[in-house]
Amino acid sequence: MEAELRQNNTPPADKMIPGDGRTLVVHFDKFGNVEFTETVPDGALVCTLETFRFYLEKQGWTLVNRGAIKNMTVEQLLSLK
């Protein structure tokens, strides 16, 4: 039983955790003490920024840096895929 408690139950970095109103995010300080908690609302997702970007691109979204868009020509904007 002690081995089970000591095992690392960290989810993979590419996993999206859906909120259901009962999901809780726990924030720890650098000493491992709980600072505060947040409820993840129904329909929300918890994931890394890279996983979120991958998810958006998989859904057909194109992500472009705002600064890069300002320097693009209309032709370049229309050719984005």
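The values are calculated or read from the model by the stated rules, or taken from the named source; none is laboratory data. From a predicted model like this one, the values you see are computed outputs, not experimental measurements. Heads up, the Cβs are rebuilt from the backbone with ideal geometry, glycines too, and the neighbour counts pull from every protein chain shown.
Miscellaneous remarks
- Cross-chain or 6+ apart pairs with Cβ under 8 Å, segment 51-73 first and outside the structural domain of Met16 (by TED's automatic domain parsing), then assigned to a helix (DSSP H, G or I): Leu63/Arg53; Leu63/Leu56; Leu63/Glu57; Ile69/Leu77
- Of everything in segment 24-40 that is touching an Asp or Glu at 6+ places or on another chain (Cβ under 9 Å) and in contact (Cβ under 8 Å) with a residue 12 or more places away in the chain, the residue that is surrounded by the fewest Cβ atoms within 10 Å (Cβ to Cβ) is Leu24.
Residue-wise test of (1) within 26 Å of Thr23 (Cα to Cα); (2) exposed (fewer than 10 other Cβ atoms within 10 Å of the Cβ).
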residue	(1), (2)
Gly43	yes, yes
Thr51	yes, no
Tyr55	yes, no
Ser79	no, yes
